[in-house]
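Peer 1: Questions regarding the structure given below will be posed in turn.
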Amino acid sequence: MIRFRNALCSALVLLCALYLAAMEGTAASEYTLAPGDAVELRIGDIANYASEVKLDSAGYIPAPLVGLVRIQGMTAADAAEKLRGMYESQEFFVAPDLSLVLVETAPVYVTGDVRSPGEFPYAERLTVEKAIALAGGMQNVLSAIDPQSMASDVRSQLTDAYVEYVAAELRSMRFESVLKGLSIFDYAPPVPLMVRREVVDQMLAAEQELLRVESDAAEETERSLRLQIADLESEIVIVGQRRDEFEGQIELQKRETARLSELAGRGLTNAAGLANSERQLSMSRSDRLEQVASLTRAKRQRRQLQLDLSEVASGRKQAAATGLRDARARAEIERARLLSAQARLQRAVTLQSIGDTFGLRGESRYYLSGDADGQAIRREVEPTTRLDPGDVVIVVAEPMGWAENAIGQVNLAGEDMD
């Protein structure tokens, strides 16, 4: 009986494990791709091509020979089938050896009145309140401390948020310049300035120098590839001419061999002359095959270099598009931090004028910020709202209580005095 009970328990544990594994596999196979997700594309027909790419903000990835392909909203299996169909319909390959696998989902971002704002890995069934927990939980906007110390701390946070916001905007402009083919850009910082203008100018100069270095490197790579392609074009022409010459020689030698063979049959020439003509014909055919092989090899190398050249441009733009999406998300986070710090500073300065400490109770509001067809959107949500990869959660704590009432009383008193 004990053995039977142990065997039954083991079977139940194994059955549960298999069920959970099947459920996880089903969830992964049903996941639909979103901007910011990283996928690995393998194409065996192109010299074992394998590349890890991210979906851009519009849901596109670059694919060799066919260009940008939109796979947002598809499962990985459906996206792979779409690519196979494109390669087959455009007659690049027959029955393409192709696979597409999800490598990593886009993260979620949490900012505002939380203890540790930043980006966090996306997981299935992730909600707003779980994301806030990942960010260290809620942060008291106004705590029972000395108002003067609080104002000083908030000013420091305000400066940091301003610098990070400017940095994110500058990165966005650099990536936009890459997509527009520009080699330089200008920037007007948000006012009022919260740091010295020299600091902003240094940050701008650093981003412009990075843009110049990246542009020079890409141009040098493209120039080198074009020179190699031009050399191969010349080689293809020369080898093609040699092949044609050998084909002409072969035709002449075939006629001569046929003539000598006819004369030998009549006994009008010796066998040595015929054997020598046949040997020359065989050598010419061998030389022609060698030229054909060289021509095929040169054309294959040219095709690979053309693919490399195309990938340099498309890869740089793809990286810029991904960088632009991430920089804009970061700018949105830092902008929310900036606005939150400004509101906290205003409250702290008001309380400082009262010259007293205060208590706090409050409520919070939660917002989701993201892109929809290239347009920035923001909507208020509940703590139980489920998140998608790439979502930005903005937490705003709104203080209430006697401290806020005190601020109102001071404002009313000021109005009465006027």
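Peer 1: Keeping every protein chain in place, order E207, E52 by accessible area at 1.4 Å, biggest value first, i.e. largest first.
Peer 2: Reading off the accessible areas and sorting them downward yields E52, E207.
Peer 1: Report, to two decimal places, the Cα Rg of region 185-316 normalised by 2.2 N^0.38 Å (N = number of residues).
Peer 2: Normalised Cα radius of gyration, region 185-316: 2.23.
Peer 1: Which order do L252, L338 take when ranked by solvent-accessible area (1.4 Å probe, heavy atoms of all protein chains), largest first?
Peer 2: L252, L338
Peer 1: Which value in Å does the Kirkwood hydrodynamic radius of region 273-348 take, with 1/r averaged over all unlike C-alpha pairs and then inverted?
Peer 2: 18.7 Å
Peer 1: Which percent of the accessible area of region 200-281 is formed by carbon and sulfur heavy atoms (probe 1.4 angstrom)?
Peer 2: Summing carbon and sulfur atoms, their accessible area is 51 percent of the total for region 200-281.
Peer 1: While we're looking at this one, here's another question. Once the principal axes of the Cα atoms of region 192-249 are found, what is the range along each, listed largest first in whole angstroms?
Peer 2: That gives 82, 13, 6 Å along the principal axes, largest extent first.
The values are calculated or read from the model by the stated rules, or taken from the named source; none is laboratory data. Worth saying up front: this structure is predicted, and the values here are computed from it rather than measured. Surface areas here come from the heavy atoms of the whole protein model, side chains and all, with no ligands, DNA or RNA. Shrake-Rupley method; radii C 1.70, N 1.55, O 1.52, S 1.80 Å.
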